[in-house]
Amino acid sequence: MEVHFKPDVQAKLEQMARESGRSSGELVEDAVNGYFDELAYTREMLDRRYDDLESGRVKAIDGEEAYRRLMEKTDAQRHRHRPA
């Protein structure tokens, strides 16, 4: 397989290869493997969350409620960390 990158990406890859002492092919293979591992982890996590919703173990909340809760937590943390 042959992969072509834009010149700026190619330059970064070549620089990283020089600095690390590894071949650019090894770096690309590691990056692709890491991407697939992360993708598999994310899919598994989303599947578990979907199963939790479907089974009723967790209850969905709308976006506005989630935002309100997040802002409350953020405000509480700001007040706790405020210098006296």
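The values are calculated or read from the model by the stated rules, or taken from the named source; none is laboratory data. No experiment lies behind these values; they were computed from the predicted model shown. In case anyone asks, the SASA skips ligands and DNA or RNA and just uses the protein heavy atoms, side chains included. Shrake-Rupley method; radii C 1.70, N 1.55, O 1.52, S 1.80 Å.
Taking every eigenvalue of the Cα gyration tensor of segment 20-80, multiplying by 5 and rooting it, what semi-axes result, largest first, whole Å?
The three semi-axes for segment 20-80 are 37, 22, 8 Å.
Rounded to the nearest whole Å², what accessible area per residue is found for the chain with the 1.4 Å probe? Before the final figure, lay out the partial values.
Details: 7880 Å² over 84 residues.
Ligands and nucleic acids excluded, the result is 94 Å² per residue.
Helix 7-20: angle to the longest alpha-carbon principal axis of the chain, degrees 0 to 90, nearest 10?
Tilt of helix 7-20: around 80 degrees.
Would you calculate a helix-derived [θ] at 222 nm for the chain, using -39,500 (n - 2.57) for each DSSP H run of n ≥ 4 and dividing by the full residue count, to the nearest 500?
My calculation for the chain gives -26500 deg cm²/dmol from helical runs alone.
I'd like the orientation of helix 24-55 relative to the chain: the angle between its Cα long axis and the longest Cα principal axis, in ° from 0 to 90, rounded to 10.
The two axes meet at around 20 degrees.
Residue by residue, what Karplus-based ³J(HN,Hα) values in Hz, rounded to whole numbers, does segment 59-74 have, using 6.51, -1.76 and 1.60 with θ = phi - 60° and x for Gly and Pro?
Values, residue by residue: 10, 6, 10, 6, x, 5, 5, 4, 5, 4, 5, 4, 5, 4, 5, 4 Hz.
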